[in-house]
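Report on one structure; see the data block that follows.
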Protein chains: 2
Amino acid sequence: MDRILLGHGSGGKLMHDLIKKYIAPVFELPTLMDSAIVNINHSGKIAITTDSYTVSPIFFPGGDIGDLAINGTVNDLSVVGAIPLYLTVGFILEEGFQISDFERILKSISKSAKEANIKIVAGDTKVVDKGKGDGIFINTSGIGIVPDGVELSPLKIEVGDKVLISGSIGNHGIAVMAERNGFTFEPPVLSDTRPLNGIINEIMKNFASAIKIMRDPTRGGVATTLKELAVDSGKDITIYENSIPVHDTVKGACDLLGLDPLYVANEGIFVAIVESQKAEEILELIKKHPFGKESAIIGEITGGGGKVLLKTSIGGTRLVDMLPGEQLPRIC
Amino acid sequence: MDRILLGHGSGGKLMHDLIKKYIAPVFELPTLMDSAIVNINHSGKIAITTDSYTVSPIFFPGGDIGDLAINGTVNDLSVVGAIPLYLTVGFILEEGFQISDFERILKSISKSAKEANIKIVAGDTKVVDKGKGDGIFINTSGIGIVPDGVELSPLKIEVGDKVLISGSIGNHGIAVMAERNGFTFEPPVLSDTRPLNGIINEIMKNFASAIKIMRDPTRGGVATTLKELAVDSGKDITIYENSIPVHDTVKGACDLLGLDPLYVANEGIFVAIVESQKAEEILELIKKHPFGKESAIIGEITGGGGKVLLKTSIGGTRLVDMLPGEQLPRIC
């Protein structure tokens, strides 16, 4: 048997065999149940998050739908100030999906879960008829504990605060786009998919009170994330084009494809708005982490109003808004 | 705009508008974020669960994919002894899906969340190209607290324990099957989708120590659930065909379609294995609840071995196993 059958999703022996043979062992679970009971030695705030992954293609330079799903949910928990602990994984498989591809994704999930130091505790497998899905969709949901005293909020943002970014932008979106369209770049553009809990934990341990808010600029890119923060805080954010880290190949690919890197999805960086006086120290700490070498201060809070302003490299000022529709569908 | 576009899933203005106009208001949230922070005043065990729903068709007699997704996850938490608190909802929409159908499902989600007394705190919306999905898939994940002292386990099952069922079997599967194939029954067969936390809370409050294990016999039906429990406990379970509640119309439909009601999915009943001495009292309490009127003691633990035995109405004994493949695909 080398392909997924409808029967793999119907609760019977075929499903139990699939779980027992392929899924449970890589997750190091006796079996995969849809519920798990875990111990939380923390009476207080916890973070809950969910995300479904429908990226196409499922394998792309630098990652696949499996590590993307794990890292994405780990990162969603991390940017709200939580320490990610437990994840659930739900698969929607299409009849006829290659079991070898499924195995490859399962291994990738297992590997990235270990790297992020989180535990997959429960899961679910459904199968839809051929032509009613697209190989594999994955939902990952997760919980993490929010240490006492941590309270990130866009309402804490004040004029003068600095905007930090932890790495270069646009890599994930361009990597997926290139794979989808059969482009290759030299050097190749790799997705930045990676877990941010380590690096965020570092700065939260040392600078919790100076960090106003964090976000991971995935779908919609840095532009959309900053616009959301501007609206939520009622403050104007000014960013400086020259200070935004973008790889030359990403820049080139964006020129070629008519895309703006500010709107291209990222899967391994975060944006933080921090107290001005601590910004340089926080940046220094981020730069010490392997995932933060390209970090930079890219802007600041310049007034009230809810706008995002881009100071361009030739000295102009451009208003940055959300895209009306879609730039890159099915990027995550 | 009356249909879902790819842009509704891309993180930009179209997605924000969809969330703001349709999703957030029915969930009574200011917006729908993929993360939420909640307070848990409970340092101890919590239950985590996940389930994806791909039922086809999405509307069926007695329910739809929306209330199914809420009730299913509420029930998964309830049967492990947890008090469900918070749910997340992830949508995978197909381009071209009718927004009016989406609205109907959102209302159904909101209504069933209220009925189950749980809160939807976070969510996610993805859109896949036309022909790469099937209207709508929903993932619901959730958490609940496990009261101190509650510890359900198949390993507690002993010879002599009774098998209780909280209602009649096969209703959900037959209702979906009928809708899918254009059959009508008189009286109509309605899905039993409903939240079980109320009724389970009642018996757990009063009989926690007498309840060994509970399960919701969804995909694979009562037969598969009992077989899992027999294997997990290493005990034999004997059930009596005459004592299993099945509506005549469900029996008739199963005869017509060549199905065995023991393998047909349920979405609003639970199976409990309980101490023999308390079984009648527990049954009495279940019967008092509106969702438990058809409850019955259907069998008992008869020995060691991991088998399920059915005493038939004509006096024979049949071995009950899991189905090898699928009986009714995409039933939940």
Pairs where the first residue, in the range B:51-69, is in the same structural domain as B:Phe185 (by TED's automatic domain parsing) and the second is not in a strand (DSSP E or B), C-beta under 8 Å, 6+ apart = none
If you go through the range B:51-83, how many residues are open to solvent by 10 Å² or more (accessible area, probe 1.4 Å), part of a helix (DSSP H, G or I) and in contact with a Leu (Cβ under 6 Å, 6 or more places away or on another chain)?
-> 0
Where residues in the range A:318-332 are open to solvent by 30 Å² or more (accessible area, probe 1.4 Å) and of a type in the set (A, V, I, L, M, F, W, C), which of them is farthest from the other protein chains (Cβ to nearest Cβ)?
-> A:Leu319
Is there a residue being at pLDDT 95 or above, under 16 Å from the mean Cα position of the chain (by Cα), away from chain B (no Cβ under 14 Å) and not in a helix (DSSP H, G or I) anywhere in the range A:84-104?
-> no
Can you tell me which residue within the range A:195-230, out of those that are touching a strand residue (DSSP E or B) at 6+ places or on another chain (Cβ under 8 Å) and of a type in the set (S, T, N, Q), is farthest from the other protein chains (Cβ to nearest Cβ)?
-> A:Asn201
Test B:Glu151 against the criterion of being acidic (Asp, Glu) and either open to solvent by less than 50 Å² (accessible area, probe 1.4 Å) or within 14 Å of another protein chain (Cβ to nearest Cβ) (or both), and give yes or no.
-> yes
Residue list for the range B:105-130, filter: among the charged types (D, E, K, R), part of a loop (DSSP other than H, G, I, E, B) and touching a residue at least 40 places away in the same chain (Cβ under 8 Å) = B:Asp129
Only one of these is out of contact with any strand residue (DSSP E or B) (no Cβ under 6 Å at 6 or more places or on another chain), of a type in the set (S, T, N, Q) and modelled with pLDDT under 95: B:Ser295, B:Ser313, B:Ser233. Name it.
-> B:Ser313
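Would you confirm whether or not the range A:299-317 contains a residue that is within 14 Å of chain B (Cβ to nearest Cβ), within 17 Å of A:Lys227 (Cβ to Cβ) and open to solvent by less than 70 Å² (accessible area, probe 1.4 Å)?
Yes, the range A:299-317 has at least one match.
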Going through the range A:1-46 one residue at a time, which ones are facing chain B (nearest Cβ under 10 Å), over 25 Å from the mean Cα position of the chain (by Cα) and hydroxyl-bearing (Ser, Thr, Tyr)?
-> A:Ser10, A:Thr31, A:Ser43
Check A:Leu328, A:Leu323, A:Leu309, A:Leu285 and return the single one that is assigned to a strand (DSSP E or B) and of a type in the set (A, V, I, L, M, F, W, C).
-> A:Leu309
Whichever residue in the range B:8-25 is in contact (Cβ under 8 Å) with a residue 24 or more places away in the chain and not in a loop (DSSP other than H, G, I, E, B) and, among such residues, is most open to solvent (accessible area, probe 1.4 Å) | B:Tyr22
Any chance the range A:288-300 includes a residue that's among the hydrophobic types (A, V, I, L, M, F, W, C) and part of a helix (DSSP H, G or I)?
-> yes
For B:Val128: the one exception among (1) more than 19 Å from the chain's Cα centre (by Cα); (2) open to solvent by 20 Å² or more (accessible area, probe 1.4 Å) = (2)
Expected single match for away from chain B (no Cβ under 14 Å) and of a type in the set (Gly, Ala, Ser) among A:Ala122, A:Ala69, A:Ala116 is A:Ala116
Kindly check whether there is at least one residue in the range A:49-62 that is more than 7 Å from every other protein chain (Cβ to nearest Cβ), among the small types (Gly, Ala, Ser) and in contact with an Asp or Glu (Cβ under 9 Å, 6 or more places away or on another chain).
-> yes
Scanning for something out of contact with any Pro (no Cβ under 9 Å at 6 or more places or on another chain) and open to solvent by less than 10 Å² (accessible area, probe 1.4 Å), does the range A:174-192 turn up at least one residue?
-> no
Report the residue count in the range A:85-101 for those that are open to solvent by 10 Å² or more (accessible area, probe 1.4 Å) and farther than 18 Å from A:Val55 by Cβ.
-> 5
Of the residues in the range A:131-145, how many are open to solvent by 10 Å² or more (accessible area, probe 1.4 Å) and assigned to a strand (DSSP E or B)?
-> 1
Does B:Pro290 satisfy the criteria of being closer than 29 Å to B:Thr193 by Cβ and loosely packed, with under 13 Cβ neighbours inside 10 Å?
-> yes
Residues located in the range A:138-148, provided they are out of contact with any Gly (no Cβ under 8 Å at 6 or more places or on another chain) and facing chain B (nearest Cβ under 7 Å) | A:Ile143
If B:Gly258 satisfies every condition in (1) surrounded by 17 or more Cβ atoms within 10 Å (Cβ to Cβ); (2) of a type outside the set (Asp, Glu); (3) modelled with pLDDT under 95 but one, which is the exception?
-> (1)
Got at least one residue in the range A:268-288 being under 22 Å from the mean Cα position of the chain (by Cα), modelled with pLDDT under 95 and small (Gly, Ala, Ser)?
-> no
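Taking A:Met33, is it within 19 Å of B:Asp76 (Cα to Cα) and in contact (Cβ under 8 Å) with a residue 60 or more places away in the chain?
yes
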Look at the range B:231-249 and say how many of its residues are farther than 19 Å from B:Val264 by Cα and of a type in the set (Asp, Glu).
-> 2
Does B:Ile157 satisfy the criteria of being of a type in the set (A, V, I, L, M, F, W, C), more than 13 Å from chain A (Cβ to nearest Cβ) and either on the phi > 0 side of the Ramachandran plot or in contact with a Ser or Thr (Cβ under 9 Å, 6 or more places away or on another chain) (or both)?
-> yes
Is it true that some residue in the range A:26-34 is part of a helix (DSSP H, G or I) and closer than 29 Å to B:Thr225 by Cα?
-> yes
Determine whether the range A:211-222 contains at least one residue that is touching a His at 6+ places or on another chain (Cβ under 9 Å), modelled with pLDDT of 95 or more and open to solvent by less than 40 Å² (accessible area, probe 1.4 Å).
-> yes
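The values are calculated or read from the model by the stated rules, or taken from the named source; none is laboratory data. All values reported here derive from a predicted model rather than from experimental measurement. We place every Cβ from the backbone using ideal geometry, glycine too, and count neighbours over all the protein chains shown. The protein model used for the area step is the full one, side chains on, heavy atoms only, and it has no ligands, DNA or RNA in it. Shrake-Rupley method; radii C 1.70, N 1.55, O 1.52, S 1.80 Å.
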